[in-house]
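Q: Have a look at this one before I ask anything.
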Amino acid sequence: MSARTHYLLHDAKTLARMIGAEDPCCAQIAVSTHGDAAAFAAFVDGNPLSGGWLVDVDAPSTRIVSWSGTLADELFGDEPRTWMRTGQERFAAFLDEVAPALLHHRRTLCFRPHHRHVVGDVHAAVKLLRDRAGGPFEILLSPGDLLAPSMLSLAEDHLARMFAHLGPIAAAVLLTDVVETPETAENGLLSQCRFGEGRLPHSLISQLLADHVPSSTPVILLPGALAEQRAALGV
């Protein structure tokens, strides 16, 4: 773990204000914690299945991280059609549409799976990489996004499966922790926080990271309390 590169997921607007830049062309930027402030990826908001998803080619990284999208009106709404044929066909059409532009501009699109989105589980993530092998698409392993509240009781099993299947092939690992909030029972969503401050089994994740994720694969953390987050990882 000591040789693994760590990045912090900074708010792009905050970074822009710090350097006196105009409004940024992305939502968040993963920036290295050591040496030069190299950007590993630019994170964008929006719903690729809504028809209004756009990416600025001047983003500060050639790697763009995006949600895979939903057919719900809200980005994290519960819409079963997302995982059915309609959602799958719309996602495939989106991939076909953006692939030529990504290749032309030498960009890669790295999808951040979420349990409410079309790439919503391990199977869908692996299938995407298999079906689009050789294309400009990647997967981010983000365990906190793949866990629904109902999965917490068996979190160890779900995490083991995520890391075993996605760890070796993910472009990076985004480690956030999760907590239940008063709204969780109503909206079916967990709230994210810094690694080590929530419900996830930290020592297990540290072991799964060592067992399944190549040392060359970066780990992205939320900003703040870096020493504490690294301690939770056993670094």
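Q: Rounded to whole Å, give me the distance from the Cα center of segment 150-199 to that of segment 82-99.
A: If we compute the Cα centre of each part, the gap is 25 Å.
Q: Which net charge results when you count Lys and Arg as +1 and Asp and Glu as -1 among the other residues whose beta-carbon is under 13 Å from that of residue 92?
A: Net local charge, residue 92 excluded: 0.
Q: Just the number please: accessible area per residue for segment 79-131, 1.4 Å probe, all protein chains included, in Å².
A: 54
Q: Still on this structure, I have one more. Please give the peptides 97-106, 186-195 ranked by average Cβ packing (other Cβ atoms within 10 Å per residue), highest first, as a rough proxy for protection.
A: Final packing ranking: 186-195, 97-106.
Q: Roll a 1.4 angstrom probe over the protein heavy atoms and tell me the percent of accessible area of the chain that is carbon or sulfur.
A: C and S fraction of accessible area: 51 percent.
Q: Ranked highest first by average number of other Cβ atoms within 10 Å, how do 120-128, 88-96 line up?
A: Ranked by mean Cβ neighbours within 10 Å, highest first: 120-128, 88-96.
Q: Rounded to the nearest 500, what is the 222 nm mean residue ellipticity of the chain from helices alone, with -39500 (n - 2.57) per DSSP H run of 4+ residues and division by all residues?
A: Counting only the DSSP helices, I get -9500 deg cm²/dmol.
Q: Take the eigenvalues of the Cα gyration tensor for segment 21-74, scale each by 5, and report the square roots as semi-axes in whole Å, largest first.
A: In descending order, the three semi-axes are 25, 12, 9 Å.
Q: Would you please give the residues with an amide H less than 5 Å from that of residue 5, counting only those at least 5 places away or on a separate chain, with H modeled from the backbone geometry?
A: For residue 5, the qualifying residues are 219.
Q: To continue, here is another question. Could you tell me the accessible area of residue 83 in Å² (1.4 Å probe, neighbours in place), rounded to the nearest ten?
A: 100
Q: Taking only Cα atoms of segment 16-154, what ratio of Rg to Rh do you get with Rh as the Kirkwood inverse-distance radius?
A: We get a ratio of 0.98 for segment 16-154.
Q: Return the label of the correct value of Rg and Dmax of the Cα atoms in Å, as calculated from the structure shown, out of [x] 19.6, 64; [y] 17.1, 46; [z] 23.4, 76.
A: The value computed from this structure is option [y].
Q: I need to check one value: relative contact order of segment 81-206, counting alpha carbon pairs closer than 8 Å and at least 6 residues apart, in percent.
A: That works out to 20 percent.
Q: When the dipole is taken about the Cα centre of the chain, and only Lys, Arg (+1) and Asp, Glu (-1) are charged at their Cβ, what size is it in debye, to the nearest 20?
A: Once rounded to the nearest 20, the dipole reads 660 debye.
Q: If the chain between residue 203 and residue 185 were fully stretched, how many nm would it gain, using 0.36 nm times the residue separation less the Cα-Cα distance?
A: 3.8 nm
Q: Highest GNM mean-square fluctuation, the chain, Cα pairs closer than 10 Å: which of 46, 224, 196?
A: Checking each option, the largest mean-square fluctuation is seen for 224.
Q: Given charges of +1 on the Cβ of Lys and Arg and -1 on the Cβ of Asp and Glu, with all other atoms neutral, how large is the dipole of segment 135-235 about its Cα centre, in debye to the nearest 20?
A: The calculated dipole for segment 135-235 is roughly 260 debye.
Q: Can you give the convex hull volume per residue for the Cα atoms of segment 97-235, as a whole number of Å³?
A: Convex hull volume per residue, Cα atoms: 125 Å³.
Q: Next up: Count the DSSP beta bridges whose two residues both fall in the chain, then state the antiparallel fraction as a percent rounded to the nearest 5.
A: In the chain, DSSP labels about 40 percent of beta bridges as antiparallel.
The values are calculated or read from the model by the stated rules, or taken from the named source; none is laboratory data. Everything numeric here is computed off the predicted structure, so don't read it as measured data. Cβ: placed from backbone, ideal geometry, glycine included. Neighbour counts: every protein chain shown. Ligands, DNA and RNA are stripped out before the accessible areas are found, and what is left, the full protein with its side chains, is counted by its heavy atoms. Shrake-Rupley method; radii C 1.70, N 1.55, O 1.52, S 1.80 Å.
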